[in-house]
Amino acid sequence: MNMDVSTAARWRAGILAAVLIAGGGGYWLGQRGNGEAIPTTASDGARKVLYYYDPMFPNQKFDKPGKSPFMDMQLLPKYADEGAGGAAAQGVSIDPAAMQNLGIRVVAAEMGNLSTTLNATGSIDFNQRDVAIVQARSGGFVSRVYGRAPGDVIGAGAPIADVQLPEWGAAQTEFLSVKRLGRPELLAAARQRLRLMGMSDSLIAQVERTGRTNGTVTITSPIAGVIQSLDARQGVTLAQGQTLAQVTGVGTVWLNAAVPEAQAGSVRVGQNATAALTAFPGERFGGWVIAILPTTQTDSRTLTVRIELANRGGRLRPGMFAQVALGGDAKPALLVPSEAVIRTGRRTIVMLAMDDGRYHPAEVRTGREGSGKTEVLAGLGAGEKVVASGQFLLDSEASLTGIAVRPLEGSR
(Lines give C-alpha, C1' and ligand atoms only; values in the text may rest on other atoms or scores of the structure.)
Protein backbone atom coordinates (compact mmCIF):
# COMPACT_ATOMS: atom_id res chain seq x y z
CA MET A 1 0.00 0.00 0.00
CA ASN A 2 1.38 3.45 -0.91
CA MET A 3 1.32 6.15 1.69
CA ASP A 4 2.61 9.72 1.16
CA VAL A 5 5.13 11.31 3.49
CA SER A 6 2.74 13.72 5.16
CA THR A 7 0.27 11.00 6.05
CA ALA A 8 2.98 8.82 7.67
CA ALA A 9 4.23 11.77 9.69
CA ARG A 10 0.78 12.48 11.06
CA TRP A 11 0.35 8.76 12.04
CA ARG A 12 3.67 8.72 13.95
CA ALA A 13 2.76 11.93 15.76
CA GLY A 14 -0.55 10.43 16.92
CA ILE A 15 1.16 7.34 18.37
CA LEU A 16 3.68 9.48 20.24
CA ALA A 17 0.93 11.61 21.76
CA ALA A 18 -0.94 8.53 23.01
CA VAL A 19 2.22 7.19 24.70
CA LEU A 20 2.86 10.50 26.42
CA ILE A 21 -0.70 10.71 27.69
CA ALA A 22 -0.58 7.15 29.08
CA GLY A 23 2.72 7.76 30.80
CA GLY A 24 1.53 10.98 32.34
CA GLY A 25 -1.63 9.33 33.60
CA GLY A 26 0.35 6.51 35.20
CA TYR A 27 2.68 9.01 36.84
CA TRP A 28 -0.32 10.94 38.21
CA LEU A 29 -1.93 7.78 39.58
CA GLY A 30 1.35 6.68 41.14
CA GLN A 31 1.85 10.02 42.86
CA ARG A 32 -1.69 9.93 44.22
CA GLY A 33 -1.22 6.36 45.46
CA ASN A 34 1.74 7.49 47.55
CA GLY A 35 -0.44 9.92 49.40
CA GLU A 36 -3.68 7.96 49.90
CA ALA A 37 -4.65 4.28 49.44
CA ILE A 38 -7.20 3.72 46.75
CA PRO A 39 -9.83 1.15 47.77
CA THR A 40 -10.20 -1.72 45.37
CA THR A 41 -13.89 -2.10 46.20
CA ALA A 42 -16.42 0.01 47.97
CA SER A 43 -17.01 -2.65 50.63
CA ASP A 44 -13.29 -2.97 51.49
CA GLY A 45 -12.94 0.76 51.74
CA ALA A 46 -15.81 0.93 54.25
CA ARG A 47 -14.28 -1.71 56.56
CA LYS A 48 -11.40 -0.96 58.92
CA VAL A 49 -8.64 -3.56 59.16
CA LEU A 50 -7.48 -4.18 62.73
CA TYR A 51 -4.65 -6.61 61.92
CA TYR A 52 -3.66 -9.51 59.68
CA TYR A 53 -3.42 -13.14 60.70
CA ASP A 54 -2.70 -16.67 59.54
CA PRO A 55 -5.85 -18.87 59.80
CA MET A 56 -3.67 -21.76 60.94
CA PHE A 57 -2.18 -19.61 63.75
CA PRO A 58 -4.98 -17.16 64.61
CA ASN A 59 -3.35 -15.97 67.84
CA GLN A 60 -0.38 -14.42 65.97
CA LYS A 61 -1.15 -10.87 64.70
CA PHE A 62 0.62 -8.86 62.00
CA ASP A 63 0.44 -5.13 61.21
CA LYS A 64 0.90 -5.43 57.43
CA PRO A 65 -0.37 -7.81 54.74
CA GLY A 66 1.93 -10.32 53.15
CA LYS A 67 2.82 -13.99 53.21
CA SER A 68 2.56 -15.95 56.44
CA PRO A 69 5.89 -16.91 58.05
CA PHE A 70 4.30 -20.18 59.17
CA MET A 71 2.47 -21.42 56.07
CA ASP A 72 2.80 -20.78 52.32
CA MET A 73 -0.30 -18.61 52.18
CA GLN A 74 -1.31 -14.94 52.31
CA LEU A 75 -2.29 -13.33 55.59
CA LEU A 76 -5.99 -12.53 56.00
CA PRO A 77 -7.35 -9.23 57.32
CA LYS A 78 -9.24 -8.98 60.60
CA TYR A 79 -11.91 -6.30 60.30
CA ALA A 80 -13.25 -4.12 63.09
CA ASP A 81 -16.85 -5.07 62.36
CA GLU A 82 -16.05 -8.68 63.30
CA GLY A 83 -16.00 -7.72 67.00
CA ALA A 84 -18.89 -7.85 69.41
CA GLY A 85 -21.51 -7.76 66.69
CA GLY A 86 -19.67 -9.69 64.02
CA ALA A 87 -19.15 -13.31 63.16
CA ALA A 88 -16.81 -13.89 66.09
CA ALA A 89 -19.62 -13.21 68.52
CA GLN A 90 -22.44 -14.73 66.49
CA GLY A 91 -20.73 -18.05 65.83
CA VAL A 92 -19.87 -20.31 62.95
CA SER A 93 -22.10 -20.19 59.90
CA ILE A 94 -22.53 -23.30 57.72
CA ASP A 95 -24.27 -23.46 54.37
CA PRO A 96 -27.39 -25.68 54.59
CA ALA A 97 -26.16 -27.87 51.73
CA ALA A 98 -22.75 -28.28 53.38
CA MET A 99 -24.47 -28.99 56.68
CA GLN A 100 -26.25 -31.96 55.15
CA ASN A 101 -23.10 -33.23 53.45
CA LEU A 102 -21.14 -33.02 56.71
CA GLY A 103 -23.81 -34.98 58.55
CA ILE A 104 -24.39 -32.33 61.22
CA ARG A 105 -27.19 -33.42 63.56
CA VAL A 106 -28.82 -31.15 66.15
CA VAL A 107 -30.74 -32.29 69.24
CA ALA A 108 -32.30 -30.43 72.15
CA ALA A 109 -31.21 -30.78 75.77
CA GLU A 110 -34.12 -32.22 77.72
CA MET A 111 -35.02 -33.42 81.18
CA GLY A 112 -35.13 -37.16 81.75
CA ASN A 113 -34.31 -39.97 84.16
CA LEU A 114 -30.77 -41.30 84.06
CA SER A 115 -30.15 -44.74 85.50
CA THR A 116 -26.42 -45.36 85.41
CA THR A 117 -24.87 -48.81 85.35
CA LEU A 118 -21.31 -49.23 86.53
CA ASN A 119 -19.47 -52.22 85.09
CA ALA A 120 -16.57 -53.82 86.96
CA THR A 121 -14.76 -57.11 87.36
CA GLY A 122 -14.37 -59.26 90.45
CA SER A 123 -13.85 -62.70 91.88
CA ILE A 124 -15.83 -64.98 94.18
CA ASP A 125 -14.65 -65.45 97.77
CA PHE A 126 -15.95 -67.20 100.89
CA ASN A 127 -18.35 -65.35 103.15
CA GLN A 128 -15.99 -64.68 106.05
CA ARG A 129 -18.91 -63.80 108.32
CA ASP A 130 -20.30 -67.33 108.05
CA VAL A 131 -17.53 -69.22 109.88
CA ALA A 132 -17.76 -71.84 112.64
CA ILE A 133 -14.83 -72.77 114.90
CA VAL A 134 -15.09 -76.30 116.37
CA GLN A 135 -13.16 -76.60 119.66
CA ALA A 136 -12.57 -79.01 122.52
CA ARG A 137 -14.43 -77.69 125.55
CA SER A 138 -12.25 -79.72 127.90
CA GLY A 139 -8.88 -81.49 127.84
CA GLY A 140 -8.82 -85.04 126.41
CA PHE A 141 -7.80 -87.03 123.36
CA VAL A 142 -9.25 -88.02 120.00
CA SER A 143 -10.54 -91.58 120.04
CA ARG A 144 -12.04 -91.64 116.52
CA VAL A 145 -12.07 -89.58 113.31
CA TYR A 146 -14.65 -89.70 110.52
CA GLY A 147 -12.51 -89.50 107.39
CA ARG A 148 -12.79 -85.75 106.89
CA ALA A 149 -10.25 -83.59 105.07
CA PRO A 150 -9.83 -79.86 104.31
CA GLY A 151 -11.94 -78.86 101.32
CA ASP A 152 -14.73 -81.36 102.06
CA VAL A 153 -18.26 -80.03 101.89
CA ILE A 154 -20.29 -81.22 104.87
CA GLY A 155 -23.77 -80.63 106.17
CA ALA A 156 -24.88 -79.20 109.48
CA GLY A 157 -24.49 -81.76 112.28
CA ALA A 158 -21.97 -83.87 110.36
CA PRO A 159 -19.61 -85.74 112.79
CA ILE A 160 -15.97 -84.72 112.78
CA ALA A 161 -14.35 -86.73 115.62
CA ASP A 162 -15.08 -88.61 118.86
CA VAL A 163 -13.22 -87.09 121.80
CA GLN A 164 -12.66 -88.74 125.20
CA LEU A 165 -12.95 -86.14 127.97
CA PRO A 166 -12.00 -87.48 131.45
CA GLU A 167 -13.18 -84.31 133.18
CA TRP A 168 -16.67 -84.83 131.84
CA GLY A 169 -16.78 -88.38 133.25
CA ALA A 170 -15.80 -87.15 136.71
CA ALA A 171 -18.38 -84.36 136.63
CA GLN A 172 -21.14 -86.77 135.57
CA THR A 173 -20.23 -89.13 138.44
CA GLU A 174 -20.64 -86.27 140.93
CA PHE A 175 -23.96 -85.36 139.30
CA LEU A 176 -25.30 -88.90 139.85
CA SER A 177 -24.13 -88.84 143.47
CA VAL A 178 -25.99 -85.59 144.12
CA LYS A 179 -29.10 -87.04 142.51
CA ARG A 180 -29.10 -89.90 145.01
CA LEU A 181 -29.16 -87.42 147.89
CA GLY A 182 -32.65 -86.38 146.88
CA ARG A 183 -32.05 -82.68 147.32
CA PRO A 184 -33.50 -80.79 144.32
CA GLU A 185 -31.55 -77.55 144.91
CA LEU A 186 -28.22 -79.42 144.89
CA LEU A 187 -29.27 -81.38 141.82
CA ALA A 188 -30.12 -78.16 139.93
CA ALA A 189 -26.68 -76.71 140.79
CA ALA A 190 -24.92 -79.89 139.60
CA ARG A 191 -26.90 -79.85 136.35
CA GLN A 192 -25.91 -76.24 135.73
CA ARG A 193 -22.26 -77.16 136.27
CA LEU A 194 -22.49 -79.76 133.52
CA ARG A 195 -23.95 -77.18 131.16
CA LEU A 196 -21.08 -74.79 131.89
CA MET A 197 -18.60 -77.51 131.02
CA GLY A 198 -20.14 -77.65 127.55
CA MET A 199 -22.47 -80.65 127.81
CA SER A 200 -25.72 -80.49 125.89
CA ASP A 201 -29.11 -80.86 127.60
CA SER A 202 -29.68 -84.11 125.71
CA LEU A 203 -26.45 -85.61 127.07
CA ILE A 204 -27.29 -84.52 130.63
CA ALA A 205 -30.78 -86.02 130.30
CA GLN A 206 -29.26 -89.28 129.02
CA VAL A 207 -26.87 -89.54 132.00
CA GLU A 208 -29.69 -88.75 134.44
CA ARG A 209 -32.03 -91.31 132.85
CA THR A 210 -29.56 -94.18 132.45
CA GLY A 211 -27.43 -93.55 135.54
CA ARG A 212 -24.27 -94.22 133.50
CA THR A 213 -21.50 -91.72 132.75
CA ASN A 214 -20.45 -90.94 129.20
CA GLY A 215 -17.10 -89.18 128.87
CA THR A 216 -16.93 -89.62 125.12
CA VAL A 217 -18.51 -86.92 123.01
CA THR A 218 -18.95 -86.73 119.24
CA ILE A 219 -17.86 -83.34 117.91
CA THR A 220 -20.13 -82.19 115.05
CA SER A 221 -20.19 -79.23 112.68
CA PRO A 222 -22.74 -76.57 113.72
CA ILE A 223 -23.21 -75.34 110.13
CA ALA A 224 -23.10 -76.67 106.58
CA GLY A 225 -20.07 -75.63 104.60
CA VAL A 226 -16.49 -76.34 103.61
CA ILE A 227 -13.85 -77.59 106.02
CA GLN A 228 -11.10 -74.99 105.87
CA SER A 229 -8.79 -76.58 108.45
CA LEU A 230 -8.81 -79.88 110.33
CA ASP A 231 -6.54 -80.73 113.27
CA ALA A 232 -8.46 -83.75 114.57
CA ARG A 233 -6.32 -86.88 114.20
CA GLN A 234 -6.86 -90.14 116.00
CA GLY A 235 -4.85 -90.38 119.24
CA VAL A 236 -4.03 -86.67 119.37
CA THR A 237 -4.15 -85.18 122.86
CA LEU A 238 -6.21 -82.04 123.11
CA ALA A 239 -6.00 -79.08 125.46
CA GLN A 240 -9.04 -77.18 126.62
CA GLY A 241 -10.15 -74.70 123.93
CA GLN A 242 -8.01 -76.27 121.20
CA THR A 243 -9.43 -75.90 117.67
CA LEU A 244 -10.38 -79.14 115.98
CA ALA A 245 -11.75 -77.73 112.72
CA GLN A 246 -12.84 -74.54 110.98
CA VAL A 247 -15.90 -74.66 108.74
CA THR A 248 -16.99 -71.87 106.37
CA GLY A 249 -20.57 -71.70 105.17
CA VAL A 250 -21.40 -71.74 101.44
CA GLY A 251 -25.04 -70.64 101.55
CA THR A 252 -23.86 -67.17 100.51
CA VAL A 253 -20.59 -66.01 98.97
CA TRP A 254 -18.81 -62.70 98.53
CA LEU A 255 -18.00 -61.11 95.21
CA ASN A 256 -15.12 -58.65 95.57
CA ALA A 257 -15.40 -56.18 92.68
CA ALA A 258 -12.66 -53.71 91.71
CA VAL A 259 -14.26 -50.29 91.08
CA PRO A 260 -12.15 -47.43 89.64
CA GLU A 261 -11.39 -44.72 92.15
CA ALA A 262 -12.93 -42.07 89.89
CA GLN A 263 -16.30 -43.87 90.03
CA ALA A 264 -16.33 -44.59 93.75
CA GLY A 265 -18.96 -41.90 94.30
CA SER A 266 -21.46 -43.92 92.26
CA VAL A 267 -21.40 -46.88 94.66
CA ARG A 268 -23.26 -47.15 97.96
CA VAL A 269 -24.05 -49.85 100.48
CA GLY A 270 -27.34 -51.60 99.66
CA GLN A 271 -27.03 -51.00 95.92
CA ASN A 272 -28.23 -53.79 93.66
CA ALA A 273 -25.68 -55.78 91.68
CA THR A 274 -25.82 -58.42 88.97
CA ALA A 275 -23.00 -60.88 88.26
CA ALA A 276 -22.30 -62.87 85.12
CA LEU A 277 -19.81 -65.76 85.22
CA THR A 278 -18.14 -67.50 82.32
CA ALA A 279 -18.84 -70.82 84.04
CA PHE A 280 -22.60 -70.27 83.63
CA PRO A 281 -23.22 -68.49 80.31
CA GLY A 282 -26.57 -66.80 79.98
CA GLU A 283 -27.24 -66.78 83.74
CA ARG A 284 -27.34 -63.78 86.04
CA PHE A 285 -26.81 -63.88 89.79
CA GLY A 286 -28.36 -61.09 91.83
CA GLY A 287 -27.00 -59.59 95.01
CA TRP A 288 -26.35 -56.32 96.80
CA VAL A 289 -23.43 -54.28 98.06
CA ILE A 290 -22.74 -55.00 101.74
CA ALA A 291 -19.48 -53.08 102.19
CA ILE A 292 -17.03 -50.71 100.52
CA LEU A 293 -13.60 -51.47 101.88
CA PRO A 294 -11.79 -48.42 103.32
CA THR A 295 -8.51 -48.91 101.45
CA THR A 296 -7.56 -48.30 97.82
CA GLN A 297 -5.29 -50.49 95.72
CA THR A 298 -2.35 -48.20 94.95
CA ASP A 299 -1.20 -50.10 91.87
CA SER A 300 -4.57 -50.15 90.07
CA ARG A 301 -6.26 -47.16 91.78
CA THR A 302 -9.38 -49.20 92.49
CA LEU A 303 -11.63 -49.72 95.49
CA THR A 304 -12.89 -53.12 96.56
CA VAL A 305 -16.67 -53.33 96.70
CA ARG A 306 -17.99 -56.36 98.56
CA ILE A 307 -21.18 -57.89 97.13
CA GLU A 308 -23.10 -60.72 98.75
CA LEU A 309 -24.62 -63.34 96.42
CA ALA A 310 -26.95 -66.20 97.24
CA ASN A 311 -25.27 -69.53 96.42
CA ARG A 312 -28.09 -71.92 95.70
CA GLY A 313 -26.80 -75.41 95.15
CA GLY A 314 -23.27 -74.34 96.02
CA ARG A 315 -22.45 -73.62 92.36
CA LEU A 316 -20.55 -70.40 93.04
CA ARG A 317 -17.05 -71.36 94.06
CA PRO A 318 -14.33 -69.08 95.45
CA GLY A 319 -11.85 -68.02 92.81
CA MET A 320 -14.37 -67.80 89.96
CA PHE A 321 -14.09 -64.69 87.78
CA ALA A 322 -17.20 -62.52 87.30
CA GLN A 323 -18.41 -59.45 85.42
CA VAL A 324 -20.38 -57.17 87.70
CA ALA A 325 -23.04 -54.58 86.82
CA LEU A 326 -23.84 -52.15 89.63
CA GLY A 327 -27.21 -50.52 89.05
CA GLY A 328 -27.88 -46.94 90.09
CA ASP A 329 -31.07 -45.15 91.03
CA ALA A 330 -32.94 -43.34 88.25
CA LYS A 331 -32.84 -39.58 89.01
CA PRO A 332 -34.19 -36.67 86.92
CA ALA A 333 -31.45 -34.75 85.10
CA LEU A 334 -30.81 -32.47 82.13
CA LEU A 335 -29.54 -34.83 79.43
CA VAL A 336 -27.68 -34.51 76.14
CA PRO A 337 -26.24 -37.26 73.93
CA SER A 338 -22.81 -38.29 75.18
CA GLU A 339 -21.40 -37.86 71.67
CA ALA A 340 -22.27 -34.15 71.80
CA VAL A 341 -19.82 -33.53 74.66
CA ILE A 342 -16.29 -32.38 73.72
CA ARG A 343 -13.66 -32.85 76.44
CA THR A 344 -10.53 -30.84 75.73
CA GLY A 345 -8.72 -31.78 78.94
CA ARG A 346 -8.96 -28.22 80.27
CA ARG A 347 -12.72 -27.90 80.05
CA THR A 348 -15.83 -29.54 78.64
CA ILE A 349 -17.84 -27.84 75.90
CA VAL A 350 -20.78 -28.38 73.57
CA MET A 351 -21.60 -26.67 70.28
CA LEU A 352 -24.84 -24.71 70.55
CA ALA A 353 -27.12 -24.39 67.53
CA MET A 354 -28.44 -20.81 67.54
CA ASP A 355 -31.82 -19.76 66.16
CA ASP A 356 -30.16 -17.75 63.36
CA GLY A 357 -28.44 -20.84 61.95
CA ARG A 358 -25.05 -20.19 63.51
CA TYR A 359 -23.14 -22.37 65.98
CA HIS A 360 -21.41 -21.21 69.15
CA PRO A 361 -19.29 -23.13 71.71
CA ALA A 362 -20.46 -23.20 75.33
CA GLU A 363 -18.70 -24.55 78.42
CA VAL A 364 -20.64 -27.08 80.52
CA ARG A 365 -20.13 -29.10 83.67
CA THR A 366 -21.16 -32.74 83.32
CA GLY A 367 -22.13 -35.44 85.80
CA ARG A 368 -23.27 -39.03 85.40
CA GLU A 369 -23.33 -41.00 82.18
CA GLY A 370 -25.41 -43.94 81.06
CA SER A 371 -27.34 -45.37 78.14
CA GLY A 372 -25.63 -42.99 75.70
CA LYS A 373 -26.70 -39.90 77.68
CA THR A 374 -24.67 -37.45 79.78
CA GLU A 375 -26.00 -35.36 82.65
CA VAL A 376 -25.36 -31.60 82.38
CA LEU A 377 -25.03 -29.99 85.80
CA ALA A 378 -24.34 -26.43 84.65
CA GLY A 379 -23.81 -24.39 81.49
CA LEU A 380 -26.89 -25.44 79.54
CA GLY A 381 -30.62 -24.96 79.80
CA ALA A 382 -33.51 -27.23 78.91
CA GLY A 383 -34.54 -26.73 75.29
CA GLU A 384 -31.20 -25.39 74.08
CA LYS A 385 -30.03 -27.22 70.98
CA VAL A 386 -26.60 -28.83 70.72
CA VAL A 387 -24.76 -30.46 67.84
CA ALA A 388 -24.59 -34.23 68.31
CA SER A 389 -22.72 -35.07 65.09
CA GLY A 390 -20.03 -33.07 63.31
CA GLN A 391 -19.38 -30.93 66.39
CA PHE A 392 -15.60 -31.42 66.25
CA LEU A 393 -15.43 -29.76 62.84
CA LEU A 394 -17.46 -26.81 64.10
CA ASP A 395 -15.29 -26.55 67.21
CA SER A 396 -12.15 -26.42 65.06
CA GLU A 397 -13.67 -23.69 62.89
CA ALA A 398 -14.67 -21.73 66.00
CA SER A 399 -11.12 -21.96 67.36
CA LEU A 400 -9.59 -20.78 64.07
CA THR A 401 -11.89 -17.76 63.84
CA GLY A 402 -11.37 -16.82 67.47
CA ILE A 403 -14.95 -17.32 68.66
CA ALA A 404 -15.11 -16.97 72.44
CA VAL A 405 -16.57 -19.89 74.42
CA ARG A 406 -19.66 -19.04 76.43
CA PRO A 407 -18.61 -19.40 80.10
CA LEU A 408 -20.58 -21.26 82.72
CA GLU A 409 -21.81 -18.07 84.37
CA GLY A 410 -23.06 -16.84 81.00
CA SER A 411 -25.52 -19.69 80.53
CA ARG A 412 -29.17 -19.42 81.23
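The values are calculated or read from the model by the stated rules, or taken from the named source; none is laboratory data. As the structure is a computational prediction, the values presented were derived from the model and not from experiment. Note: ideal-geometry Cβ built from the backbone for every residue, glycine included; neighbour counts use all protein chains shown. Just so you know, the surface numbers come from the protein's heavy atoms only, side chains and all, with ligands and any DNA or RNA stripped out. Shrake-Rupley method; radii C 1.70, N 1.55, O 1.52, S 1.80 Å.
With R₀ fixed at 45 Å, the C-beta to C-beta distance from residue 408 to residue 64 puts the FRET efficiency at about 0.70.
Stretching the chain fully between residue 346 and residue 123 yields a gain of 76.6 nm (0.36 nm per residue, less the alpha carbon separation). At R0 = 35 Å, how high is the FRET efficiency between residue 110 and residue 301 if r is their beta carbon distance? Nearest 0.05 is fine. Plugging the Cβ-Cβ distance into 1/(1 + (r/R0)^6) gives 0.50.
Extents of region 257-304, largest first, come to 33, 24, 14 Å (Cα atoms, principal axes, whole angstrom). The calculated FRET efficiency for residue 339 paired with residue 72, based on their beta-carbon distance and R0 = 45 Å, is about 0.80. Computed from label points 7 Å out along Cα-Cβ, the spacing between residue 170 and residue 200 is 2.6 nm. With all protein chains kept in place, the per residue accessible area of region 129-228 amounts to 53 square angstrom at a probe of 1.4 angstrom.
Near residue 285, once Lys and Arg are set to +1 and Asp and Glu to -1 for all other residues with Cβ below 10 Å from its Cβ, the sum equals +2. Under the Kirkwood approximation applied to all pairs of distinct alpha-carbon atoms, what is the hydrodynamic radius of region 160-245 in Å? Hydrodynamic radius (Kirkwood, Cα only) of region 160-245 equals 14.4 Å.
On the protein heavy atoms, probe 1.4 angstrom, tell me the percent of accessible surface of region 191-281 carried by carbon and sulfur. On region 191-281, the fraction of accessible area on carbon and sulfur atoms equals 48 percent. Extension gain for residue 365-residue 189 works out to 55.9 nm (0.36 nm per residue, less the C-alpha to C-alpha distance).
Across all directions, the shadow cast by the convex hull of region 107-264 built on its C-alpha atoms averages 16.5 square nanometres. Taking all protein chains into account, the per residue accessible area for region 279-325 stands at 59 Å² (1.4 Å probe).
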